[in-house]
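Visitor: One structure, as structure tokens, below. Some questions next.
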Amino acid sequence: MIQTEHLEKTYRNGFRAVKDLSLHVEKGDIFGFLGPNGAGKTTTIRMLDGLLTPTQGKVLIGGMGVAGHTSEIRRMIGVVPESHGYYYWMTAKEYLQYFYALFNNGGSDESYVRELLAKVGLSDKAEVPVGQFSRGMKQRLGIAKALVNRPQIIFLDEPTLGLDPRGQREIQQLLFDINKSDGITIFITSHMLKDIEVLCNKVCIIKDGIQVEQGTIPELQEKYRDGYSMLLQTSDNDVAEGLIRRINRVTRTSREEGQLLIECESKLSDDEILSVKHELVTEILSGGLDIREMTQKTLSMEDIFFKVTDADKGVIA
Ligand SMILES: Nc1ncnc2c1ncn2[C@@H]1O[C@H](COP(=O)(O)OP(=O)(O)O)[C@@H](O)[C@H]1O
Ligand SMILES: [Mg+2]
């Protein structure tokens, strides 16, 4: 759905903001484009939207080169930019009608505008001027605006920046809904790791304009895990901890949010993991304890991010 090949951007002052970026986003993905401030996220998203011309390489949207197909691409995509040029005197409804008209030769569709307002949870704010909106409401209106042309893809540049936890959650939920019910492919940039972890099925991590990792979150969790770790909840974690320490291949035990964190030797085969689990269960049950919960501990996006960016120290720009 979105593909770039060796994409580069050197700004007029000679600064290379994006270097050799090859992205693969498939239809239906919620793709997270992740990196610290100044990594080149906005520069990239603007090249994908056709707002900025790459210095090298190309962008394909739905198999079409962005260069040379500006009007077709514009019909296919919706954009929620980093900062919006809101027209503060307009009401939410007028704002959407205005953009609807831009895409439809001055036409209007009141019921579609109402549908969009409902989708983003702003039905009761239809007649309120945008100038009175909170940041979260403005972001939701921005998403409605991005949907006005019934796009196949939407691009969002840091959509949850500056929102409180509730506002962040609302945006996440909204993006999930848009993706699931309308099948819209979502490309989102963020430096907020938690956002990306909750929302995205695939991520690309960039740093200093260089792509350092790309893949699905489970792929990255598997790639960067050092060993096998489990979280365990038993009827008595103190006693359980003593029992578990005796097990071969368990290297460390500690506490994480009230649960027992059990870390095993790295590079265990699937069979070895199974036998550790078996021993563990046997030890605990024969110690007269109950097992209430046992889960594999996976790396968070934050764990992965730090591992990826540390591993990248040797890369020369
Ligand atoms: N118009 C410009 N001219 C020169 N350098 C720029 C310009 N816009 C952005 N940059 C630089 O490019 C780098 C990447 O910026 P940006 O894409 O905005 O990063 P991000 O969105 O990841 O925070 C930054 O170092 C920034 O200062
Ligand atoms: Mg940015």
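Visitor: How far apart, in nm, are the 7 Å Cα→Cβ label points at S275 and Q132?
Guide: Going from the S275 label point to the Q132 one covers 7.1 nm.
Visitor: Right, here's the next one. Along the positive direction of the dipole of the stretch 2-221 (beta-carbon charges: Lys, Arg +1; Asp, Glu -1; about the Cα centre), which of Y95, V148, L220 reaches farthest?
Guide: Y95
Visitor: Please go through the residue pairs K58/K223; K180/K307; K93/K138; K194/K297 and name each one whose alpha carbons sit more than 20 Å apart in this structure.
Guide: Listed pairs above 20 Å: K58/K223; K180/K307.
Visitor: Follow-up question, since we're still on this one. Against the longest principal axis of the chain, how steep is helix 301-311, in degrees 0 to 90 to the nearest 10, with axes from Cα atoms?
Guide: Helix 301-311 and the main axis of the chain meet at about 90 degrees.
Visitor: Roughly speaking, what is the stretch gain from Q56 to T216, that is 0.36 nm per residue apart minus the C-alpha to C-alpha distance, in nm to one decimal?
Guide: Gain in length upon complete extension: 54.9 nm.
Visitor: On to the next question. Mind checking the full-extension length gain between Q296 and M90? Use 0.36 nm per residue of separation minus the Cα-Cα distance, one decimal, nm.
Guide: Length gained, Q296 through M90: 69.0 nm.
Visitor: Under 10 Å from the Cβ of E158, count the other residues' Cβ atoms, weight Lys and Arg +1, Asp and Glu -1, and hand me the total.
Guide: Taking every Cβ under 10 Å from that of E158, the sum is -2.
Visitor: Further question: Contact order normalised by length for the stretch 2-221, with contacts defined as Cα pairs under 8 Å and 6 or more residues apart; what percent is it?
Guide: 30
Visitor: Quick check: residue separation of E82 and D124 times 0.36 nm, minus the Cα distance between them. What number comes out in nm?
Guide: Taking 0.36 nm per residue and subtracting the Cα distance, the gain is 12.6 nm.
Visitor: Next question. So what is the relative contact order for the stretch 131-272, in percent, with contacts set as C-alpha pairs under 8 Å and at least six apart?
Guide: Here the relative contact order equals 15 percent.
Visitor: Report the charge-dipole magnitude of the chain in Debye, nearest 20, computed about the Cα centre from +1 at each Lys and Arg Cβ and -1 at each Asp and Glu Cβ.
Guide: It works out to roughly 1120 debye.
We did not get these values from a lab; they are worked out from the coordinates using the rules stated. The structure displayed is predicted, hence computed values, not measured ones. Counting neighbours? That spans all protein chains shown, and the Cβs are built from the backbone with ideal geometry, glycine included.
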